[in-house]
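Student: Can you keep this structure in mind? I'll have questions shortly.
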Amino acid sequence: MSVSIKNQTEIEKMRVAGRLTSEVLDYIGPFVKAGVTTNELDKLCHDLIVEVQKGIPAPLNYAPGGHKPYPKSICTSINHQICHGVPSDKALKNGDIVNLDITVIKDGYHGDSSRMFYVGEPSIQARRLCEVTYQSMWRGIRAVKAGAYLGDVGHAIQSFVEPMGYSVVREFCGHGIGARFHEEPQVLHYGRPKTGLKLESGMIFTIEPMINAGKKDIKQLGDGWTVVTKDHSLSAQYEHTILVTDTGFEVLTVSDGCPPPPANV
Ligand code: MF3
Ligand code: CO
Ligand code: CO
């Protein structure tokens with residue numbers, strides 16, 4: 001199996017799916033408040049995707065090898081949950097940080113993006129972790145260009161967060177994406193410059209660093225999906241879907257409400 005190069009027709013469909021994905025995140029933001037349950041957020045997103053966008057929420061019933069089908073339409077990972085948190089009837093509370101990860105299929109193509117949301121006022125430490133994680137994603141994105149290497153992307157992220165005492169989760173990575181949710185290549189969020197796959201224009205993949213405030217070790221919960229930090233430290237993640245171009249990159253998961261790229265990272 002190799003890394004596919006998308007043609008103009010596919011790229012245009014990925015732009016459409018990417019924009020819808022980002023618009024779900026724009027839409028759900030104002031609902032993220034103390035007292036709301038993650039099941040309520042899941043239903044709001046599901047209904048927007050299905051009834052308004054006429055798309056498909058890719059996580060619902062997604063069952064990659066070795067996993068039971070994912071039971072919900074979005075992932076909601078709170079505080080020390082790293083990724084794949086499953087929505088439930090538990091309410092969010094003031095000070096929580098939550099990652100909402102949205103994947104929309106439209107016209108056969110996937111957009112995949114996630115952001116952190118603050119429930120009321122987060123602690124200074126929680127806010128800092130989210131900001132650094134966002135900056136680290138952008139460090140990775142800015143390393144993307146035809147002729148660059150995937151190792152450059154991982155190194156840009158790792159070399160930024162580790163000196164701050166944060167750690168990079170190793171078990172989960174970014175991924176190629178297109179007509180399938182998870183395609184080649186695997187996009188590690190750590191690495192060495194000038195190693196790994198050489199990027200070519202027309203490749204599309206996600207960059208989605210999971211950064212822990214404490215140690216990098218993970219633990220899988222008994223629900224078969226939710227992944228948490230072993231030391232119970234806070235974890236944050238942001239994700240964009242990226243097209244490689246000759247001059248650099250195009251972020252496909254964009255919308256009017258999308259947070260602006262950070263300066264100076
Ligand atoms: N959206 C996740 C990613 O970024 C994958 C979630 S798989 C699910 O790759 F089944 F948990 F939804
Ligand atoms: Co992804
Ligand atoms: Co995702």
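Each value in this text was obtained by applying a stated rule to the coordinates, not by laboratory testing. Remember, it's a predicted structure, so these values are computed and weren't measured experimentally. For neighbour counting, all protein chains shown are included, and Cβ atoms are generated from backbone atoms with ideal geometry for every residue, glycine included.
Student: Any idea what the relative contact order of the chain is, in percent, if you count C-alpha pairs under 8 Å spaced at least 6 apart?
Tutor: 24 percent
Student: Related question: Using 0.36 nm per residue of separation minus the Cα-Cα distance, give me the extension gain between residue 217 and residue 232 in nm, one decimal.
Tutor: The span from residue 217 to residue 232 would gain 4.4 nm if fully extended.
Student: Would you mind checking which residues have amide H under 5 Å from residue 92's amide H? H placed 1.01 Å from N; only 5 or more apart, or other chain.
Tutor: 35, 36, 37, 38
Student: While we're here: Pick from 105, 11, 97: which residue has the top mean-square fluctuation in a GNM of the chain where Cα pairs under 10 Å get a spring?
Tutor: It is 11.
Student: Once phi is turned into ³J(HN,Hα) by the Karplus curve 6.51 cos²θ - 1.76 cosθ + 1.60 with θ = phi - 60°, what whole-Hz value does each residue of region 144-154 show in order, with x for glycine and proline?
Tutor: With the stated coefficients, region 144-154 comes to 7, 5, 4, x, 7, 10, 4, x, 5, 5, x Hz.
Student: Which entries in the list 43/216; 106/215; 68/90; 43/145 go over 28 Å, if you measure between the two C-alpha atoms of each?
Tutor: 43/216; 106/215; 43/145
Student: How charged is the neighbourhood of residue 11? Take every other residue with its Cβ under 15 Å from the Cβ of residue 11, and add Lys/Arg as +1 and Asp/Glu as -1.
Tutor: -2
Student: List, in order, the whole-Hz ³J(HN,Hα) value for each residue of region 180-185 obtained from phi through the Karplus relation with A = 6.51, B = -1.76, C = 1.60 and θ = phi - 60°; use x for Gly and Pro.
Tutor: Ordered by residue, 3J(HN,Hα) equals 10, 5, 10, 10, 6, x Hz.
Student: How much net charge surrounds residue 180 when only the other residues with a Cβ under 15 Å from the Cβ of residue 180 are counted, with Lys and Arg +1 and Asp and Glu -1?
Tutor: With Lys, Arg at +1 and Asp, Glu at -1, the neighbours total -2.
Student: Still on this structure: Can you tell which of 164, 203, 116 shows the greatest fluctuation in a Gaussian network model of the chain with Cα springs below 10 Å?
Tutor: 164
Student: Follow-up question, since we're still on this one. Hey, how many Å between the Cα centroid of region 1-46 and the Cα centroid of region 73-119?
Tutor: About 10 Å separates the Cα centre of region 1-46 from the one of region 73-119.
Student: In addition: Once phi is turned into ³J(HN,Hα) by the Karplus curve 6.51 cos²θ - 1.76 cosθ + 1.60 with θ = phi - 60°, what whole-Hz value does each residue of region 39-54 show in order, with x for glycine and proline?
Tutor: These are the phi-based 3J(HN,Hα) values: 5, 5, 4, 4, 5, 4, 5, 4, 5, 4, 4, 7, 8, 9, 7, 6 Hz.
Student: By count of other Cβ within 10 Å, fewest leading, how are 138, 225 ordered?
Tutor: Exposure proxy ranking, most exposed first: 225, 138.
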